[in-house]
Structures are given as structure tokens and as C-alpha cells.
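This report refers to the structure that appears directly beneath it.
The values are calculated or read from the model by the stated rules, or taken from the named source; none is laboratory data. Computed from a prediction, not measured in an experiment: that's the story for all the values here. A quick note on method: Cβ atoms are made from the backbone with ideal geometry, for glycine too, and the neighbour counts reach across all protein chains shown. Calculation scope for accessible area: heavy atoms of the full protein, side chains included, ligands and nucleic acids excluded. Shrake-Rupley method; radii C 1.70, N 1.55, O 1.52, S 1.80 Å.
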Amino acid sequence: VYIYSLPIKECEIIDHFLGSSLKDEVLKIMPVQKQTRAGQRTRFKAIVAMGDHKGHVGLGVKCAKEVATAIRGAIIQAKLSVIPVRMGYWGNRLGDPHTVPCKVTGKC
């Protein structure tokens, strides 16, 4: 799939190949508001990171009316955006390659 740059359209494909080893972590849940004529409409934005500690990483963002729905949608988005990452060393070279070998910055 990754060799030919084929887009992954369904999260069940990732579940089939990496399902048991994937772990997800909710990075942030924040309320966002939209001003309407009747007042404010509050929704929740969830940001989820997913990986298997063997070189596959995905990030998902979803906004919904309820927190559980936002987290569920963000997990699906994270599964669809899983990409392989080259593993290496940071600091000393003990054991197998275990980390991303460069400085990584990001913004949530």
C-alpha cells in the first residue's frame, strides 16, 4: 500500500494489517464555539495520535457535538493517516533503533 502510494479509504484496512499492535492516545480535547443569532454553539475538537512503536504513526483531528463522537472520529482519521516513519537513534546507539532520529516540532 505504501510502496505504490495508494490512498487508504477505510479504517478496517489498517485494522486488518496493524490492528492488534496499534495504540491510540488522546492528545487534546478542546471546546470550540460558533456565534449564531440565537447565541453560541459549542462543539468539541479532539486530537488523537496513533502508532505501533514499530515505525507507523498517524494523527487525527475531529470536531463534533459530543466528546465521545469527536474522539471516535479522530481515531478513525488517525487510522486513515497512518504512515511509515524511519526509526533511528537519538543520543547513544544502544539496542535496536527506537526513536525518530531528528527534531520534530508540531502544533495542536
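Annotations for the structure displayed:
- Among I76, I47, I29: highest mean-square fluctuation, GNM of the chain, C-alpha pairs under 10 Å: I29
- When you filter the chymotrypsin sites (Phe, Trp or Tyr not before Pro) in the range 24-100 for DSSP loop state and at most 16 other Cβ atoms inside 10 Å of their Cβ, you are left with Y89, W90.
- Residue of A68, A49, A38 that the Gaussian network model of the chain assigns the largest fluctuation, springs spanning Cα pairs under 10 Å: A38
- Degrees between helix 67-80 axis and first principal axis of the chain (Cα, 0 to 90, nearest 10): 40 degrees
- Per residue, the chain exposes 76 Å² of solvent-accessible protein surface, assessed with a 1.4 angstrom probe and all protein chains in place.
- Gaussian network model of the chain, Cα within-10 Å springs - most flexible of L59, L80, L18: L18
- Applying a DSSP loop filter and a limit of 15 other Cβ atoms within 10 Å to the trypsin sites (Lys or Arg not before Pro) in the range 64-99 leaves K65, R86, R93.
- Per-residue ellipticity at 222 nm computed for the chain from its helices equals -6000 deg cm²/dmol, with DSSP H segments shorter than 4 residues left out and the rest contributing -39,500 (n - 2.57).
- Within the accessible area of the chain, the carbon and sulfur atoms contribute 55%, probe 1.4 Å, all protein chains present.
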